[in-house]
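Data block below; observations after.
The values are calculated or read from the model by the stated rules, or taken from the named source; none is laboratory data. Since the model is a prediction, treat every value here as computed from it, not as a measurement. Glycine gets a Cβ as well: all are built from the backbone with ideal geometry, and neighbour counts include every protein chain shown. Side chains included, ligands, DNA and RNA excluded: accessible areas come from the protein's heavy atoms. Shrake-Rupley method; radii C 1.70, N 1.55, O 1.52, S 1.80 Å.
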Amino acid sequence: PDPTYLMAILIGATTYLSQKTMPQAGGGGMAGMTYFMPIFIGVISAPFPAGLQLYWLAQNILTIGQQAYILKGRRG
């Protein structure tokens, strides 16, 4: 586990960014999940081994890039 919790914070931040790039399908009730889930995922990922945290962080970054590419294709 990371004693500085830097990876957990980065995982929470990238989860939030990942959710913000996704189209909203749930309406008003889902807005709270956009804020709750990154915090929850950041907290539960803190005791995980560094390799799993790194995998999770890399997957979030790839998801953000993929969604940005898809949205860019729709606009132009």
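Take the residues in the stretch 5-28 that are part of a loop (DSSP other than H, G, I, E, B) and modelled with pLDDT under 90; name whichever of them is farthest from Gln66 (Cα to Cα). For the stretch 5-28, the residue satisfying everything is Gly27. Sub-8 Å Cβ pairs linking a first residue in the stretch 37-60 that is more than 11 Å from Tyr16 (Cα to Cα) and free of Cβ contacts under 8 Å to residues at least 12 places away in the same chain to a second residue that is part of a helix (DSSP H, G or I) and open to solvent by less than 80 Å² (accessible area, probe 1.4 Å), at least 6 apart or interchain, are Leu52/Ser45, ordered by first then second residue. Considering the stretch 51-76, and only residues there that are open to solvent by 60 Å² or more (accessible area, probe 1.4 Å) and aliphatic (A, V, I, L, M), the residue that is farthest from the chain's Cα centre (by Cα) turns out to be Ile70. Selection of the stretch 31-55 for residues being at pLDDT below 95 and hydroxyl-bearing (Ser, Thr, Tyr) yields Thr34, Tyr35, Ser45. Residues that are over 12 Å from Ile11 (Cβ atoms) and open to solvent by 50 Å² or more (accessible area, probe 1.4 Å) within the stretch 32-50 comprise Met33, Tyr35, Phe36, Pro47, Pro49, listed in sequence order.
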